[in-house]
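Down below is the structure, laid out as structure tokens.
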């Protein structure tokens, strides 16, 4: 096994009762397919992807014969489904067995996750799902997202894929397998099919390229990121998060028309998704259409009231549209939500000065 990186974090794995998955799971008796063999998954998505990119498709949960043999050695001898699932969960993280550790950013297929000795929630879940099925268990992916994370501030908003866990059916009922531990704050528990999980894989991989480069001070390869987001949207055409991220990649590559199309699709796909509305506001602002920008920012704020950046951008749009009083209120709200946010503070002081309110301008300028 390769040496561990010093910043890897060992977190507790959860193997807990998942009552909501029982209700979702019983719905799997419908005609809709949930689980696919690796070959079946490739075939299922082949006609959704342009021929030039079809060869790029990987299956996140595909296991090698060597991995399967080890899984059978570590967990295959147990007499019940519950015991096999529990033994497999323990084997994945045990230092004397598979010895895989959780890291926040590492989207890889199962074999690579095992070789590297670490993976994120999607990677470790894929490793579990693939090996669990090889042991004869019924295991599925769970979208257990609790929030959508905005990671860009003053330009387009990138969103990640939330959180992915697994469910496995045993004689004790459905169980949740979560390699990051805590589950109390999750917004939803939704069983997803392998096709949607594959779309998450590519969206997550594109997001990670951007996040890692930004954190390390490197130039983002937006072309590679765009390729991953495109694959995610080809695989799942109504995947709003990937549509939004695809729009960001287009915008960063200078194609605002393509970005607008992608953002608009994300808006139509998800009526509760703030980021693409915010991004359409940014696009309108760049096109010197502040009234339309203010419209989109207002819609984004209705969906995500505590986002200081949306209020800040709304203030800019209103100021450019000539609504100084409205811009003041927007800047004040942005500052109230993020006390150390310098940009709205500067523009708020300028707005006060434009109205001749010099004392208020000075107070804003000097306030810590």
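The values are calculated or read from the model by the stated rules, or taken from the named source; none is laboratory data. Small disclaimer: the values here were computed from a predicted structure and weren't measured. Here Cβ is always computed from backbone atoms with ideal geometry, including for glycine, and neighbour counts include all displayed protein chains.
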Region 272-294, residues that are farther than 21 Å from residue 159 by Cβ and either assigned to a helix (DSSP H, G or I) or touching a residue at least 60 places away in the same chain (Cβ under 8 Å) (or both):
290, 291, 292, 294
Being at pLDDT 90 or above and on the phi < 0 side of the Ramachandran plot, is that true of even one residue in region 22-34?
yes
What number goes with the only condition from (1) free of Cβ contacts under 8 Å to residues at least 60 places away in the same chain; (2) outside any helix (DSSP H, G or I) that residue 246 does not pass?
(2)
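Kindly indicate whether any position in region 213-220 is touching a residue at least 40 places away in the same chain (Cβ under 8 Å), farther than 28 Å from residue 42 by Cβ and out of contact with any helix residue (DSSP H, G or I) (no Cβ under 6 Å at 6 or more places or on another chain).
Checking region 213-220: at least one residue is touching a residue at least 40 places away in the same chain (Cβ under 8 Å), farther than 28 Å from residue 42 by Cβ and out of contact with any helix residue (DSSP H, G or I) (no Cβ under 6 Å at 6 or more places or on another chain).
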Which number in (1) under 14 Å from residue 135 (Cβ atoms); (2) modelled with pLDDT under 95; (3) part of a loop (DSSP other than H, G, I, E, B) marks the one condition that residue 98 misses?
(2)
Subset of region 232-241 that is under 15 Å from the mean Cα position of the chain (by Cα) and outside any loop (DSSP other than H, G, I, E, B) - its residue that is nearest to residue 40 (Cα to Cα)
232
